[in-house]
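Q: Before I ask anything, let me first share the structure, which is written out below as structure tokens.
The values are calculated or read from the model by the stated rules, or taken from the named source; none is laboratory data. Note that the structure is a prediction, hence the values are computed from the model and not measured. All Cβ positions, glycine included, derive from the backbone under ideal geometry; neighbour counts span all protein chains shown.
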Amino acid sequence: MVQQITTRLRQLARHNKDGQDLIEYALMAAFIAVAIAATFPTTIGPNISTIFVKVGSTLTQSSGS
């Protein structure tokens, strides 16, 4: 799932030179993930947290390159 999100974000970044749309999509995805985690805190919450950590790590590594 993390790979799918990362792939989609990279695809969006290639098509949007200014990055504004990418940020909007990322914020929408984060909002939806937080809403789902709030609805199912014990089953999905930890998985979503792990995904955010991995995505953040990937973005940090790619921005440093």
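Q: Confirm whether residue 47 is surrounded by 12 or more Cβ atoms within 10 Å (Cβ to Cβ) and at pLDDT 75 or above.
A: yes
Q: Could you count how many residues in region 19-35 are at pLDDT below 80 and in a helix (DSSP H, G or I)?
A: Residues meeting the conditions: 4.
Okay, residues lined up against (1) in contact with a strand residue (DSSP E or B) (Cβ under 6 Å, 6 or more places away or on another chain); (2) of a type outside the set (Gly, Ala, Ser); (3) closer than 13 Å to residue 9 by Cβ; (4) surrounded by 12 or more Cβ atoms within 10 Å (Cβ to Cβ):
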position	(1), (2), (3), (4)
25	no, yes, yes, yes
28	no, yes, yes, no
36	no, yes, no, yes
57	no, no, no, no
